[in-house]
Amino acid sequence: MKKIYLIDGNSFIYRMFFALPEFSTSAWKIVNATYWIAKFFVGQLIKENPDYLIFIRDAKGKNFRHDLFADYKATRDRMPDNLREQLQDINTLVETMGLKVIEEPWYEADDIIGSMAKKYSDDYEIYILTGDKDLYALVNEKVKIYDTLKKKIFWLKETKEKFEIEACFVSDYLAIVWDSSDNIPWISWIWPKKAVVLINDFWNLENIYEVIKKLESWETIEMSDEAKKVLSGKTLEKIKEGREVAFLSKKLATLDTDVNMSHFHLDDFIFHKDKILSSEVKKLFKEFEFYSLIEWEKNEDEKKWEDMNLKVQIIADNEWLEELEKIIKNYKEIVLDTETTSLNTMEAELVWVSIFLDESHIYYINFLHSGPSISREKWKQFLRNILESDTIIIGHNLKYDLEIIENFLDTDKNINKEEKNYKKQASLF
């Protein structure tokens, strides 16, 4: 079947912005999001070659959900300035590549995506490019979620593995648990694990409250032992108290799949892969200094990353860090890179460090990203040992990386940088 790619524009841009540390052109124009989006279009879309591609954005201003709940998305952080500065370049990039952007007043991009998926899924295979949880509710035999960062397709099986429930009940699940990104209200005491139990036993919100009503009438209801535990004591009281909140949350989390799409014609969104690397796009790449993308067609004939069979080891606990330190002692030089929260060395926080020893020894050491991470004390000792060793450190913009590390080591200590004397041999490339 022919394929339609529906890009959730806002989610797509945000994820690309946070996928790479900030970097700039020689004229100090921040381009990390612009670059990652361009690389995805050039590296993935040309290869995958969908039949149709539609780039969908949220319309400016309020939408119908604000009428339901005035504080909808009220807690969402303001767009980072360094992303806001790139929006015009991203718009120019998308337009130059011949990709059309659509939006619909009073609706969110998710509603338009849901309506298009409903309209076209009988005749086309639909791929939704997003990271938003609510769009997983659309997954069915013809509709899939495409996680562009993980390069992973979520179909029915993968969606169930992700949420532990069937895709068709995702909206009910989100109605029960708190969604901090959208500021959707939640039922206190009901965390994801309890929500999963309730959804798997009773399927949806309506059934859950129907079961509670029958329990109050002393009717016998068949349910799992886990559900019996959830529907008891303090938790049961909280669910009963939260009934109004729960159904409001379901309205907020449920997509409107009946948006009028009659004024959009699919033939206007035919994907032309030859436009992705047209001469006009290459001129734009030169302006943005994306020289590696200009040479993409030639580079594609050379060895690709996946062909090299390289694996990255994630270091996220103290014991593994100690093992890595022992391994490093066998190498005369290492390649080091850092990810930080800012280009300003006085403001930046160290998020992670990557270390390349050879093709069999590549490491990502997590400190501030979500998930397991290294303790501050062990992290500092590890970095001090590297800096005080005779190992040669190789890096790109190494002066910045070393200053970031030294600032991190100085945290909680009143040490004058000029008094520090790390006698390092360092090579720049």
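The values are calculated or read from the model by the stated rules, or taken from the named source; none is laboratory data. Computed from a predicted model, the values in this text were never measured in an experiment. Cβ sites come from the backbone with ideal geometry, for glycine too, and all protein chains shown count toward neighbours.
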Exactly one of these conditions fails for ARG384: (1) of a type in the set (Lys, Arg); (2) within 20 Å of TYR331 (Cβ to Cβ); (3) modelled with pLDDT under 70. Give me its number.
(3)
Taking the stated definitions as given, is GLU300 at pLDDT 90 or above and either under 30 Å from ASP67 (Cβ atoms) or not assigned by TED's automatic domain parsing to the domain that holds SER360 (or both)?
no
Looking only at the range 119-141, filter to residues that are touching a strand residue (DSSP E or B) at 6+ places or on another chain (Cβ under 9 Å), touching a residue at least 60 places away in the same chain (Cβ under 8 Å) and closer than 21 Å to PHE271 by Cα; which one of those is surrounded by the fewest Cβ atoms within 10 Å (Cβ to Cβ)?
GLU125
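Looking at ILE165, ILE153 in this structure, which one is part of a strand (DSSP E or B) and either among the aliphatic types (A, V, I, L, M) or on the phi > 0 side of the Ramachandran plot (or both)? If you could, list the steps in order and put the result at the bottom.
On the way: ILE165 fails: part of a strand (DSSP E or B).
Exactly one of ILE165, ILE153 is part of a strand (DSSP E or B) and either among the aliphatic types (A, V, I, L, M) or on the phi > 0 side of the Ramachandran plot (or both), namely ILE153.
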Only residues that are loosely packed, with under 13 Cβ neighbours inside 10 Å and assigned to a helix (DSSP H, G or I): list them for the range 247-277, please.
ASP267, ASP268, ASP274
Over the range 100-118, the set of residues surrounded by fewer than 20 Cβ atoms within 10 Å (Cβ to Cβ), hydrophobic (A, V, I, L, M, F, W, C) and touching a strand residue (DSSP E or B) at 6+ places or on another chain (Cβ under 8 Å) is VAL101, ILE102
Quick check, is SER292 surrounded by fewer than 14 Cβ atoms within 10 Å (Cβ to Cβ) and in a helix (DSSP H, G or I)?
yes
Consider GLU244 against the criteria (1) part of a helix (DSSP H, G or I); (2) charged (D, E, K, R); (3) under 25 Å from ALA137 (Cα atoms); (4) touching a residue at least 12 places away in the same chain (Cβ under 8 Å): it satisfies all of them except one. Which criterion is unmet?
(4)
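For (1) of a type in the set (Gly, Ala, Ser); (2) exposed (fewer than 14 other Cβ atoms within 10 Å of the Cβ); (3) assigned by TED's automatic domain parsing to the domain that holds PHE40; (4) free of Cβ contacts under 8 Å to residues at least 12 places away in the same chain, each residue gets a yes or a no:
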| site | (1), (2), (3), (4) |
| --- | --- |
| LEU149 | no, yes, yes, no |
| LYS157 | no, yes, yes, yes |
| ILE176 | no, no, no, no |
| TRP186 | no, no, no, no |
| VAL197 | no, no, no, no |
| ASN207 | no, no, no, yes |
| LEU215 | no, no, no, no |
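Name the residue, out of THR391, THR411, that is assigned by TED's automatic domain parsing to the domain that holds LYS311, at pLDDT below 75, touching a Lys or Arg at 6+ places or on another chain (Cβ under 9 Å) and not aliphatic (A, V, I, L, M).
Numbers: THR391 fails: at pLDDT below 75.
That would be THR411, the only listed residue that is assigned by TED's automatic domain parsing to the domain that holds LYS311, at pLDDT below 75, touching a Lys or Arg at 6+ places or on another chain (Cβ under 9 Å) and not aliphatic (A, V, I, L, M).
Picking from LEU266, LEU252, LEU284, which residue would you name as being farther than 30 Å from PHE40 by Cα and of a type in the set (A, V, I, L, M)?
LEU252
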Suppose we filter GLU210, GLU166, GLU158, GLU206 for residues that are at pLDDT 95 or above, under 27 Å from TYR120 (Cα atoms) and acidic (Asp, Glu); which single one remains?
GLU166
